[in-house]
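Input: one structure, supplied below.
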Amino acid sequence: MGRIYMDNNATTPVRPEVAEAMMEMLKGCYGNPSTLYCIGQEAHVALGHARDIIAGIIGATPDEVVFTSGGTESDNLAIFGVARAMKKKGNHIITTKIEHHAVLNTCKALEREGWSVTYLPVDDQGILDPASVERAITDTTVLISVMHANNEIGTIQPIAEIGKIAKARKIIFHTDAVQSFAKLPTNVDELGVDLMSTSSHKIYGPKGVGFLYVRKGTKILPMLFGGHQERSLRPGTENVPGIVGFGRAAELMHAEAEEEEARLRKMRDRLWEGIHATVPHIRLHGHPEKRLAGTINVGFEFVEGESLILRLDEYGICVASGSACTSDVLEPSHVLSAIGIPPEGAHGALRISLGRENTEDDVDRLLDALPKVVEDLRSFSPLYKEYMREKKAAG
Ligand SMILES: *Cc1c(COP(=O)(O)O)cnc(C)c1O
């Protein structure tokens with residue numbers, strides 16, 4: 001039986017059309033896009049085409065799209081770049097407790113340089129209250145950074161409402177839209193954002209490429225210095241095959257977004273109902289509806305997420321523990337902590353993220369394997385045995 005990949009929030013397989021577009025560039029279009037002769041101009045045109053596609057999807061102008069090496073660099077450029085440009089105006093940044101580490105650790109680095117950062121809490125379903133953003137604003141606030149969709153629990157934040165607040169107070173607003181770009185509507189005017197980070201490998205494009213949307217007039221300084229590429233905001237010879245692949249991936253994902261969203265939601269809900277019906281002592285982490293269509297983060301009492309992953313791997317099924325980014329660290333996920341899940345609960349968390357290659361058959365196979373694996377693991381758990389004894393004694 002084939003392998004079932006259900007960890008699409010960590011990364012996605014490159015789709016064939018994308019690989020093909022990239023291969024064409026790799027084989028036949030090696031010119032430097034900054035050069036004037038024809039092979040350079042071919043690369044220049046291909047870059048421009050990708051930029052136009054992306055700008056169209058987010059409702060921006062092409063020169064507001066700055067290609068980077070991915071989500072992490074885009075987040076760093078947005079936050080450090082604004083901090084450097086605005087340090088005479090103030091030294092306060094507002095963000096949330098559930099951001100990706102690319103945002104959190106960038107903010108922590110700024111704190112070590114004397115910046116003050118407010119990490120806003122979210123409710124027990126993982127949603128940020130826009131009023132709390134308003135209350136956190138001070139005279140020294142220069143940047144608000146709130147992610148669009150969370151990579152661990154999938155919750156979707158009220159970005160447009162926060163955007164209105166930021167605009168009224170004339171504060172630069174950044175969103176990490178790595179999990180939502182080309183899947184959910186990410187029109188930058190509707191969201192009211194000045195900066196938006198994205199990444200190609202979360203939408204079936206290649207790894208190592210992304211972009212930062214930078215609204216015209218936004219005060220931001222570069223992190224890297226060199227040539228004039230990307231309006232000098234991100235110098236260095238462009239990753240032409242990567243950017244072309246990203247453009248193609250974005251175009252394809254965007255075209256099928258609504259249909260795919262409905263298909264994933266249906267599979268996700270059937271999967272959740274199936275788990276719920278066959279496995280006792282579980283809970284859904286995150287918001288029941290305001291959530292990415294393919295994401296289920298579920299806590300299993302009396303089991304370790306890591307053991308679950310390894311046992312499911314034996315069935316050829318790839319899923320993640322509470323968070324892919326913390327899976328080699330023993331600390332419980334910061335996102336699950338932020339929604340009030342105690343450490344023992346967070347350790348029993350599993351993240352299933354469906355993608356375009358998953359089928360109803362895959363859902364059936366997971367639904368077949370999961371109850372067996374959980375029951376087997378629980379049979380080794382002293383806590384579970386004790387619980388069952390007490391339950392029996394209580395009648
Ligand atoms: C994956 C991810 C990132 C990091 O993107 P890379 O391209 O892997 O650097 C940032 N933010 C979120 C929400 C992500 O899911």
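The values are calculated or read from the model by the stated rules, or taken from the named source; none is laboratory data. Only a predicted model underlies this, so the values are computations on that prediction, with no experimental measurement involved. Neighbour counts run over all protein chains shown; Cβ positions are idealised from the backbone, glycine included. The area values use the complete protein model at the heavy-atom level, side chains included, leaving out ligands, DNA and RNA. Shrake-Rupley method; radii C 1.70, N 1.55, O 1.52, S 1.80 Å.
Name the single residue that is farthest from the ligand (Cβ to nearest atom) among those in the range 61-85 being surrounded by fewer than 21 Cβ atoms within 10 Å (Cβ to Cβ) and either among the hydrophobic types (A, V, I, L, M, F, W, C) or over 18 Å from Gly236 (Cβ atoms) (or both).
By that ranking, first place goes to Thr61.
When you look at Val133, is it at pLDDT 95 or above, away from the ligand (no atom under 13 Å from the Cβ) and part of a loop (DSSP other than H, G, I, E, B), yes or no?
For Val133, the condition - at pLDDT 95 or above, away from the ligand (no atom under 13 Å from the Cβ) and part of a loop (DSSP other than H, G, I, E, B) - is not met.
How many residues are away from the ligand (no atom under 11 Å from the Cβ) and under 17 Å from Val82 (Cα atoms) when one looks only at the range 196-222?
12
Run down Phe173, Phe225 and say which single residue is more than 27 Å from Leu350 (Cα to Cα), open to solvent by less than 20 Å² (accessible area, probe 1.4 Å), more than 16 Å from the ligand (Cβ to nearest atom) and without any contact (Cβ under 8 Å) to a residue 60 or more places away in the chain.
Testing whether each residue is more than 27 Å from Leu350 (Cα to Cα), open to solvent by less than 20 Å² (accessible area, probe 1.4 Å), more than 16 Å from the ligand (Cβ to nearest atom) and without any contact (Cβ under 8 Å) to a residue 60 or more places away in the chain leaves just Phe173.
Considering only the range 41-61, state which residues are within 24 Å of Arg215 (Cβ to Cβ) and part of a helix (DSSP H, G or I).
Result: Leu47, Gly48, His49, Ala50, Arg51, Asp52, Ile53, Ile54, Ala55, Gly56, Ile57, Ile58.
Check Lys183 against each of (1) out of contact with any Pro (no Cβ under 7 Å at 6 or more places or on another chain); (2) more than 16 Å from the ligand (Cβ to nearest atom); (3) in contact (Cβ under 8 Å) with a residue 12 or more places away in the chain; (4) in a loop (DSSP other than H, G, I, E, B) and name the one condition it does not meet.
Lys183 satisfies all of (1) out of contact with any Pro (no Cβ under 7 Å at 6 or more places or on another chain); (2) more than 16 Å from the ligand (Cβ to nearest atom); (3) in contact (Cβ under 8 Å) with a residue 12 or more places away in the chain; (4) in a loop (DSSP other than H, G, I, E, B) except (2).
Shifting gears a bit: Restricting to the range 376-395, count the residues that are surrounded by 11 or more Cβ atoms within 10 Å (Cβ to Cβ), free of Cβ contacts under 8 Å to residues at least 60 places away in the same chain and assigned to a helix (DSSP H, G or I).
4
I would also like to ask the following. One residue is enough: does the range 12-27 have a residue meeting the conditions away from the ligand (no atom under 16 Å from the Cβ), open to solvent by less than 10 Å² (accessible area, probe 1.4 Å) and out of contact with any Ser or Thr (no Cβ under 9 Å at 6 or more places or on another chain)?
yes
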